[in-house]
Amino acid sequence: MQMELMKASDRKPIGKLPVVRNFRQIIESRDISLMNKEVYQFLNLYCGFIAHYNINGFKATYRRPESFAGVFIRHFDCEHRYFNGTYPCHEEPYRETGYTKADIKRELTCIVELHKELITRWAEQRQRDERHNIYLNLKKEFETQGFKLNCEACGNEYEVRVLKEGEDFNDFGIICCLFCGQQIKLY
Ligand SMILES: [Zn+2]
């Protein structure tokens, strides 16, 4: 049976279609894990994505900020080489929505257009934060710890790091306070 396009007055606004709403949610939250099956199928069939084993494989591929910003959204960025244009077959109705696949693709492209600059910056910041965390952890791991001193005589608490012939040295018999000269008990 041939499906006919609904009259324009019978259909809901394109932004209210479940497929568009879920896509917008993904873009606004920058979170591919929110993707439902309908969007997954729509993207696979009409938006030029490479085949994935299943929906979880798809989500895993675009989960990281650099993949989300650099690959996933670029399928809807007409200035990018990953952009997938519309073909004559996309002019067919999409389910019983009253819209064509091409209409929906254009709507998805508009949503990405609104967010792509912010998503690009967000991904850069996220990558920077990740590198900074790695740096902090490495720093903590490899940094030589100073020697904590607490002088009971003058009350100063401080930390010293002693290098002997370029090497860290902390094998002291006796140590005297740098401030008052009294001997400090080493524990
Ligand atoms: Zn002291």
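Throughout, read-outs are computed from the coordinates displayed, never taken from laboratory work. Just so it is clear, the structure is predicted and the values come from calculations on it, not from any experiment. Note that we place each Cβ from the backbone using ideal geometry, even for glycine, and neighbour counts take in every protein chain shown.
Which residue, of His90, His52, His80, His75, is closer than 18 Å to Val20 by Cβ and within 26 Å of the chain's Cα centre (by Cα)?
Working: His90 fails: within 26 Å of the chain's Cα centre (by Cα); His52 fails: closer than 18 Å to Val20 by Cβ; His80 fails: closer than 18 Å to Val20 by Cβ.
Sole residue among the options that is closer than 18 Å to Val20 by Cβ and within 26 Å of the chain's Cα centre (by Cα): His75.
Testing Glu66 on (1) under 20 Å from the mean Cα position of the chain (by Cα); (2) in contact (Cβ under 8 Å) with a residue 12 or more places away in the chain; (3) surrounded by 15 or more Cβ atoms within 10 Å (Cβ to Cβ), one condition comes back false. Which one is that?
Unmet for Glu66, out of (1) under 20 Å from the mean Cα position of the chain (by Cα); (2) in contact (Cβ under 8 Å) with a residue 12 or more places away in the chain; (3) surrounded by 15 or more Cβ atoms within 10 Å (Cβ to Cβ): (3).
Which of the following residues is more than 24 Å from Ile119 (Cβ to Cβ) and surrounded by 15 or more Cβ atoms within 10 Å (Cβ to Cβ): Thr86, Thr100, Thr61?
Thr100
If a residue has to be within 16 Å of the ligand (Cβ to nearest atom) and within 45 Å of the chain's Cα centre (by Cα) to count, how many in segment 151-187 make the cut?
4
Counting only residues that are assigned to a strand (DSSP E or B), loosely packed, with under 10 Cβ neighbours inside 10 Å and among the β-branched types (Val, Ile, Thr), how many does segment 129-187 have?
Residues flagged as assigned to a strand (DSSP E or B), loosely packed, with under 10 Cβ neighbours inside 10 Å and among the β-branched types (Val, Ile, Thr) within segment 129-187 amount to 0.
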